[in-house]
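Enquirer: Handing you a structure now.
The values are calculated or read from the model by the stated rules, or taken from the named source; none is laboratory data. Since we're looking at a predicted model, the values are computed, not measured. All Cβ positions, glycine included, derive from the backbone under ideal geometry; neighbour counts span all protein chains shown. Side chains are part of the model used for accessible areas, which takes the heavy atoms of the whole protein and leaves out ligands, DNA and RNA. Shrake-Rupley method; radii C 1.70, N 1.55, O 1.52, S 1.80 Å.
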Amino acid sequence: MSSEAARSPNIFTDEYSDAILMASSFYRRCINWGNIVQGNKWKFTKQSVSHGLAFPVPALIAGAVSLLLCGCSASAPQATSEPSTPTQIASQAAAAPSSIPSTTYSRDKTADFKTAKKTAPWLNAIKSVAETEPGRIRVETNFVDPRGGTGSVEAKSAVAICESVVTLFGPRYVSVLEDDGTTFVLFGHPSVPSGACAEV
């Protein structure tokens, strides 16, 4: 035997080796049994033939070997499925339902406010009224503060709007904004008197 053949790995697994050993042992027993039958001049075979039960020994051996090999093939471990890769996990996560409720709290109160104050002289200055958080209301207007000191017409109107919001909705905090988003009047803020709407 060459050195290359000596280094070649065994092609049989433990299960197949056991099967071959079992088949070989069974074969030897069948041969011994056949020799005994032949020594008795095939008495058993002749009697079996007369009853239609003749089973040649080679056929028995071949059938036994086939059954053993088939049994080993059936008992061979099946390949397990590969675990999910990070890409597959990410794809599954991306395919998850996206109907997660928004955590943003906002309640539009513009229509309610304008309906309640439909005769107010500053009604057309209201752009929107929204409850941004429970108890906090923001009023957007189109006012432009002249910045000429307190008590301007725009400032008085903004204070009146703030007081109307407090009376109607009872919030703990109100901010009235100018047209550019600058804070004009506040209620419930430390910079203004407690319980009053004031220009800032």
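Enquirer: So what is the accessible area of the range 152-200 per residue, in Å², with the probe set to 1.4 Å?
Expert: Using a 1.4 Å probe on heavy atoms only, each residue of the range 152-200 averages 47 Å².
Enquirer: Heavy atoms only, 1.4 Å probe, whole protein assembly: order Ser106, Ser157, Ser194 by accessible area, highest first. Could you put the intermediate results ahead of the total?
Expert: Details: Ser106 70, Ser157 25, Ser194 125 Å².
Output order, biggest surface exposure first: Ser194, Ser106, Ser157.
Enquirer: Excluding Glu163 itself, what net charge comes from residues whose Cβ is under 14 Å from its Cβ, given Lys and Arg +1 and Asp and Glu -1?
Expert: Once positives and negatives cancel, what remains is +1.
Enquirer: In a shell of Cβ-Cβ distance under 14 Å around Thr115, excluding Thr115 itself, what net charge do Lys and Arg (+1) and Asp and Glu (-1) give?
Expert: +2
Enquirer: Above 16 Å lies some portion of the pair distances; for the range 100-145, what is it as a whole percent of all C-alpha pairs?
Expert: 45 percent
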